[in-house]
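The values are calculated or read from the model by the stated rules, or taken from the named source; none is laboratory data. It should be emphasised that the depicted structure is a prediction, and the values quoted were computed from it without experimental measurement. Methodologically, a virtual Cβ is constructed for each residue, glycine included, from the backbone with ideal geometry; neighbour enumeration extends over all protein chains shown. When the accessible area is computed, the model is the full protein with side chains, heavy atoms only, and any ligands, DNA or RNA have been set aside. Shrake-Rupley method; radii C 1.70, N 1.55, O 1.52, S 1.80 Å.
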Amino acid sequence: MDELRKTLKIIKRKYVPLIKSPQTFLLLLTGMAGFMSGSCPVHHIPTMLAAAGSLFLAISGSTVLNMWYDRDIDAQMPRTCERPLASKKLLPRDGFLFGIILSLLGISWAVLIDPFYGAVVFAGLFFDVVIYTFWLKRRTAWSILWGGISGGMPILAGRVLSIGHLDWIGIALALGVLLWIPTHIMTFSMRYFEDYQLAEIPTFPSTYGFQTTRITIAISSVLAALTMGAAAYGIGMSVGFLRILIVLSSGLLFLAVSSTSRPSEQLNFGLFKYASLYMLSTMILMIVDMM
């Protein structure tokens, strides 16, 4: 019993933080929203649970591999220097094996559920780990575009598994997430501007300036809200839930536009927090409406 407690403590301290639970949960929720946008969950519970399991493993695996590769820059930033790999509490070899195992299990499970669904899940992991993290993150501020594409893959995968093919609604849902990513990431990169400077990671604020970044966020927020609204209408969201979505979108747009005319660190951080709440609430609305 003591050995089991010790093992669980090690897992909690060294391995669980690698998964980034809030980020993983939000992406998993988008995948479930995508699945439920085309299927009544009551009649597809086994498939839904299998999709949730495979997505959780694949998303977690890609996140761990990102942390493994970025352990050197994480060690330079005060915000991330205490992460298990950055602080050397966990050996790089162990972190890499953990990420590979989770990724392989997630992709393999997804392919067994449905090959097309598995291909979309694999594409998300490939764009996130290989294109975004390994290749572009340290080279260009535009790496965020590829990170956004990978962020849109879970909801697209869920939709594909649900209806068996690719349609405009699935593309709109993925595009909505992609367009939401700049609001989430760019506000974050402004808040932790000095950290990214220390690690020499190119960001929109460091490359194009804060005001251009704020304008980009505002434009992206408008497009994200419109795209999500179109997708919600396409899946047949009820009028009551659509009204709630409009209110949520109005709040996002108000904060994004306000940040360009009355910029402040407090408003920027408020927009960052609200952007996460907006996406979380939008996904919950879609899930509840389809139940």
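Return yes or no: is PRO182 under 22 Å from TYR69 (Cβ atoms), within 19 Å of the chain's Cα centre (by Cα) and touching a residue at least 24 places away in the same chain (Cβ under 8 Å)? So that I can check it myself, show each step before the final result.
On the way: under 22 Å from TYR69 (Cβ atoms): no; within 19 Å of the chain's Cα centre (by Cα): yes; touching a residue at least 24 places away in the same chain (Cβ under 8 Å): yes.
Spelling it out, it is not the case that PRO182 is under 22 Å from TYR69 (Cβ atoms), within 19 Å of the chain's Cα centre (by Cα) and touching a residue at least 24 places away in the same chain (Cβ under 8 Å).
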>> Return the residues of the stretch 277-291 that are within 17 Å of MET186 (Cα to Cα) and surrounded by 17 or more Cβ atoms within 10 Å (Cβ to Cβ); say none if nothing qualifies.
In response: TYR278, MET279
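Looking only at the stretch 227-260, count how many residues are closer than 22 Å to ARG159 by Cα, free of Cβ contacts under 8 Å to residues at least 24 places away in the same chain and touching a helix residue (DSSP H, G or I) at 6+ places or on another chain (Cβ under 8 Å).
So in the stretch 227-260, the residues closer than 22 Å to ARG159 by Cα come out as 227-239, 241-242, 245.
When the remaining residues are screened for being free of Cβ contacts under 8 Å to residues at least 24 places away in the same chain, the result is 229, 233, 236, 239, 242.
This time we only want the ones that are touching a helix residue (DSSP H, G or I) at 6+ places or on another chain (Cβ under 8 Å), so: 229, 233, 242.
Residues meeting the conditions: 3.
Would you please name the residue that is surrounded by the fewest Cβ atoms within 10 Å (Cβ to Cβ), looking only at residues in the stretch 189-206 that are more than 19 Å from the chain's Cα centre (by Cα) and farther than 14 Å from CYS81 by Cβ? Quick ask: steps written out before the conclusion?
Within the stretch 189-206, the first condition is being more than 19 Å from the chain's Cα centre (by Cα), and the residues that meet it are 193-202, 205-206.
Narrowing further to those that are farther than 14 Å from CYS81 by Cβ: 193, 197, 200-202, 205-206.
On the way: PHE193: 15, GLN197: 15, GLU200: 10, ILE201: 19, PRO202: 19, PRO205: 22, SER206: 17.
Filtering the stretch 189-206 for residues that are more than 19 Å from the chain's Cα centre (by Cα) and farther than 14 Å from CYS81 by Cβ, the one surrounded by the fewest Cβ atoms within 10 Å (Cβ to Cβ) comes out as GLU200.
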> For the stretch 43-134, list the helices (runs of 4 or more DSSP H) that sit wholly inside it and hold at least 1 residues that are hydrophobic (A, V, I, L, M, F, W, C) and in contact with a Pro (Cβ under 9 Å, 6 or more places away or on another chain); which are they?
Replying inline: 45-69, 115-126
> Can you tell me which residues in the stretch 120-163 are β-branched (Val, Ile, Thr) and either at positive phi or in contact (Cβ under 8 Å) with a residue 24 or more places away in the chain (or both)?
Replying inline: VAL120, VAL121, VAL129, THR133, THR140, ILE144, ILE149, ILE155, VAL160, ILE163
>> If I ask for residues that are assigned to a helix (DSSP H, G or I), surrounded by fewer than 21 Cβ atoms within 10 Å (Cβ to Cβ) and not β-branched (Val, Ile, Thr), which ones from the stretch 160-174 would you list?
In response: TRP168
> Within the stretch 217-251, which residues are under 20 Å from the mean Cα position of the chain (by Cα) and open to solvent by 40 Å² or more (accessible area, probe 1.4 Å)?
Replying inline: ILE219, VAL222, LEU223, LEU226
> Do you know which residues across the stretch 208-229 are closer than 12 Å to VAL177 by Cβ and among the hydroxyl-bearing types (Ser, Thr, Tyr)?
Replying inline: SER220, THR227
> With respect to the numbered conditions (1) surrounded by fewer than 17 Cβ atoms within 10 Å (Cβ to Cβ); (2) in contact with a helix residue (DSSP H, G or I) (Cβ under 9 Å, 6 or more places away or on another chain); (3) in a helix (DSSP H, G or I), which one is the sole condition not fulfilled by PRO263?
Replying inline: (3)
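I want to confirm something. Restricting to the stretch 52-100 and keeping residues that are among the β-branched types (Val, Ile, Thr) and more than 30 Å from ILE287 (Cα to Cα), which single residue is surrounded by the fewest Cβ atoms within 10 Å (Cβ to Cβ)? First the steps, then the outcome.
Residues of the stretch 52-100 among the β-branched types (Val, Ile, Thr): 59, 63-64, 73, 80, 100.
If we keep only those that are more than 30 Å from ILE287 (Cα to Cα) as well, we get 73, 80, 100.
Numbers: ILE73: 18, THR80: 19, ILE100: 14.
Looking at the filtered set, the residue picked out is ILE100.
Considering every residue within the stretch 109-119, establish whether at least one is within 26 Å of ILE217 (Cβ to Cβ), of a type in the set (Val, Ile, Thr), open to solvent by 10 Å² or more (accessible area, probe 1.4 Å) and in contact (Cβ under 8 Å) with a residue 12 or more places away in the chain.
Taking the stretch 109-119 and keeping what is within 26 Å of ILE217 (Cβ to Cβ), we get none.
No, there is no match, as no residue in the stretch 109-119 is within 26 Å of ILE217 (Cβ to Cβ), of a type in the set (Val, Ile, Thr), open to solvent by 10 Å² or more (accessible area, probe 1.4 Å) and in contact (Cβ under 8 Å) with a residue 12 or more places away in the chain.
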>> Which condition from (1) open to solvent by less than 10 Å² (accessible area, probe 1.4 Å); (2) farther than 28 Å from TYR233 by Cα; (3) modelled with pLDDT under 95 is the one that SER21 breaks?
In response: (1)
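Looking only at the stretch 120-137, how many residues end up being closer than 23 Å to THR213 by Cα and either β-branched (Val, Ile, Thr) or crowded, with 16+ Cβ neighbours inside 10 Å (or both)? Spell out the reasoning first.
At the first step, the residues of the stretch 120-137 found to be closer than 23 Å to THR213 by Cα are 128, 131-133, 135-137.
Narrowing the set further to residues that are either β-branched (Val, Ile, Thr) or crowded, with 16+ Cβ neighbours inside 10 Å (or both) leaves 128, 131-133, 136-137.
Result for the stretch 120-137: 6.
Looking only at the stretch 140-159, which residues are over 17 Å from ALA172 (Cβ atoms), within 14 Å of the chain's Cα centre (by Cα) and not β-branched (Val, Ile, Thr)? Don't jump to the end; show me each part of the working.
Residues of the stretch 140-159 that are over 17 Å from ALA172 (Cβ atoms), as a first pass: 140-147, 150.
Add one more test, that the residue is within 14 Å of the chain's Cα centre (by Cα), and what stays is 144-147, 150.
Within the stretch 140-159, LEU145, TRP146, GLY147, SER150 qualify.
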> of a type in the set (Lys, Arg), surrounded by 20 or more Cβ atoms within 10 Å (Cβ to Cβ) and either modelled with pLDDT under 90 or under 30 Å from THR133 (Cα atoms) (or both): does that describe ARG214?
Replying inline: yes
